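Asker: Shown below is the structure under consideration.
Any read-out appearing in this document is the output of simple, stated calculations on the displayed coordinates, not a laboratory observation. All values reported here derive from a predicted model rather than from experimental measurement. Please note: Cβ atoms are built from the backbone with ideal geometry, for glycine as well, and neighbour counts cover all protein chains shown.
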Amino acid sequence: MHSDIRHSWLHHTWHRPDGRYYCCSLQQNLFQEWVLIRRWGVIHSRHGGAMEMLCRDYEDGLRQLEIVVKRRKQRGYLSDNSGI
């Protein structure tokens with residue numbers, strides 16, 4: 001089994017004072033393809049959703065993640081990750 005992972009998996013989370021949250025992960029699936037996984041919802045609620053997007057490569061995933069980071073800031077979400 002080939003286990004050469006050239007790039008690190010990434011995970012970011014955000015929240016808003018009104019209880020909304022957003023999580024985004026860039027990781028590889030079982031076929032070693034890079035996937036951007038987004039999850040969102042409201043704390044203490046069963047309402048929410050998830051979406052997976054297949055990326056061409058790691059760099060494409062980073063570009064898509066940067067778009068998500070920018071959008072979360074524009075919408076008033078606070079980062080739960082240090083240095084972001």
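Asker: From zero outward in steps of 10 Å, how is the percent of C-alpha pairs of the chain spread across the bins?
Answerer: Values per bin, smallest distances first: 17, 47, 28, 8, 1.
Asker: At 7 Å along Cα-to-Cβ for each site, give me the label-to-label distance between residue 38 and residue 79 in nm.
Answerer: Calculated label separation equals 1.8 nm.
Asker: If you don't mind, another one. With an 8 Å Cα cut-off and a minimum separation of 6 or more residues, compute the relative contact order for the chain in percent. Spell out each step's value before the answer.
Answerer: Numbers: 127 pairs, mean separation 23.6, N = 84.
Relative contact order, the chain: 28 percent.
Asker: Is there a quick way to get the dipole size of the stretch 10-79? I mean about its Cα centre, with the Cβ of Lys and Arg at +1 and of Asp and Glu at -1; what is the value in debye to the nearest 20? Present the calculation step by step, with values, prior to reporting the outcome.
Answerer: Numbers: 12 positive and 7 negative charges, 99 e Å.
So the dipole magnitude of the stretch 10-79 works out to roughly 480 debye.
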